[in-house]
Structures are given as structure tokens and as C-alpha cells.
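Read the structure below first, then the notes.
The numbers here are math on the coordinates, done by the rules we state, and not lab data. These numbers come from a predicted model, not from an experiment. Note that each Cβ is placed from the backbone with ideal geometry, even for glycine, and that neighbours are counted across all protein chains shown.
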Amino acid sequence: MTVPGVRLRSGVASDQAARETNEDTAWAADGLYLVADGMGGHEAGEVASRLAVEVVRELAGSTPTMDDVTRVVRDAHRRVRDLPAEGERRPGTTITGVVVTEHAGVPCWLVLNVGDSRTYRMVGGMLEQLTRDHSEVAELVEQGLVAVEDAARHPRRHVVTRVLGGGASRVDPDLRMFPVSHGDRMVVCSDGLTEALSDARVQAVLRTERHPRAAAERLVREALAADAQDNVTVVVVDAVTVHRESSASEPADMAR
């Protein structure tokens, strides 16, 4: 089932860019919108990202709680971790996205994230990053050791600190939940987009392109034109209609 009173419209675009293969996997249907960016050597990243999305697709068509999402992501981590390694490199993948659910009878976005792929929200023409990058550079920026403007060129920018698969015995996602509002535009992407285009440019494209499919396709084209070196995958989803019986008890923005 999907959440009553909410009508969504989405679009997806992806390109391998300068890479030999496309190790990104996307899903956009039944109230669930995901991007996973795989890693681990020849074909291993593609297998890891596809497996992770297949497992997390259990959430599609449901109204999960934060605990449900954590359980499913943990299961995805175990499944990816069980994949055979190629030499010393273990398969792994990021995963990020949003599922439409309910809390106290109110339609909500539930954002999940593991790794350095990103989920954004645009409301009122302004773009906001909702996820925190799990990367060495992001941690250095938070500690004040690297300037924000230098992060995109830092030699350690591709080193992620939390992934599905890898060596950790358990991985939990960052979670955030808040009410769906009419006109919300959510953007889920791999880091191939954000390395090639600034947030300001992404915002400008989203303001220009009204249909989510056109927006996703244009973002990928512009990333390629900007000489993207990594796979580029973008999911754009719009909240076209949102009906609520009452707004008196709407939940506040909750994070875990």
C-alpha cells in the first residue's frame, strides 16, 4: 500500500560517465526512492548495490517505522557482507533515499542514509541537504581541519567511513522523519552528481525543470558536460498532492 492522500511523481536518470561500468543502482516506485553506489572491484560494486536495493525494497508499498528501516538496512549490510571478496577488496555499497510513511496519522518522509551518497529536499525553491556524508573528508570538515571549499578537491574525499558490507559487524543508517508537504521535491543521488555539480547548480536546474524526469535527466547531462568521473545517478520525486485530515498533531522533524 502507499500512504493515503499523497500523490507522488518521480523520475530517474543514470550514466556510467567515465567509468567502464555503472555500479549505481536506483529504485523509484511504491513510495520508496533509493540510490546505492557500489564499490569493490570488477563487477563487485554493481552486485553489492543491486543486492542492497533488492533487500531494502522490502519497504516499498508499506508504512515503515524507524525501527523497521533500521532492521532492513542491517539485513542488507549482512547480505552484502556475505558476498565473496575479490582479492583484498570486499564488496560494499552506500545507500540513501526516502520512503513515504505515516506517523500519528500524518504522511511523512523517512530519510535513510549510509555512506556519501546524498538525499536533498527542495522547498520554496531552496535546496537543503538532508543527509550527512559518512566520509573522512566530512569528518575533517566538521572538526575544522579542512575548509568546506577545499573538501571537493581533497585527496581523501572518496574514503567512506560507513558502508553496507565491509568489515563492520553491524551498520545502522542515519534516519530522519518529517511531514510531507505539498510541493516538496526530494532528490536522491550518488556522489558522481555532487562531485561534478555544485549545490547551487543543482538547485538552479531543479527550479527550471518542472517534471521530475526532465530534472533528473538534465542533472545527469550537466554532470557529464562538467566531466563527471564517476557514475552519476539521480532520482527526483515530487509531492504533487498531500491531503491531511488535521494538522494539529503533526510530528516535528525527528532524527536518529
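How high is the relative contact order of the chain, given as a whole-number percent (alpha carbon pairs under 8 Å, six or more residues apart)?
Reported relative contact order: 28 percent.
From the backbone phi of the range 79-85, what are the Karplus-calculated ³J(HN,Hα) couplings (6.51 cos²θ - 1.76 cosθ + 1.60, θ = phi - 60°) in whole Hz, Gly and Pro given as x?
Taking θ as phi minus 60°, the curve returns 5, 5, 5, 7, 5, x, 7 Hz for the range 79-85.
With a point put 7 Å past each Cα toward its Cβ, work out how far residue 168 is from residue 208 in nm, to one decimal.
Each label point lies 7 Å from its Cα, and together they span 3.8 nm.
Give, rounded to the nearest 20 debye, the magnitude of the charge dipole that the chain has about its Cα centre when Lys and Arg contribute +1 at Cβ and Asp and Glu contribute -1 at Cβ.
Value, rounded to 20: 400 debye.
Charges on Cβ only, +1 for Lys and Arg, -1 for Asp and Glu, centred on the Cα centroid of the range 6-242; of 189, 125, 226, which one is farthest towards the dipole's positive end?
Of the options given, the answer is 125.
Between the alpha-carbon centers of the range 1-30 and the range 175-194, tell me the distance in whole angstrom.
Value for the Cα centre distance between the two parts: 12 Å.
Rounded to the nearest 0.05, what FRET efficiency do residue 89 and residue 200 give with R0 = 45 Å and r taken as the Cβ-Cβ distance? Could you check?
0.80
Run the simple label-point estimate for residue 181 and residue 43 please: 7 Å along Cα→C-beta, distance reported in nm.
Taking the simple label geometry, residue 181 and residue 43 are separated by 4.8 nm.
Return one number: the angle in degrees, 0 to 90 and rounded to the nearest 10, between the long axis of the Cα atoms of helix 199-208 and the longest principal axis of the Cα atoms of the chain.
40 degrees
Please report the projected area of the range 6-242's Cα convex hull averaged over all directions, in nm².
12.2 nm²
Work the Kirkwood hydrodynamic radius out for the range 1-95: mean of 1/r over every pair of different alpha-carbon atoms, inverted, in Å.
About 14.3 Å, per the Kirkwood formula over Cα pairs.
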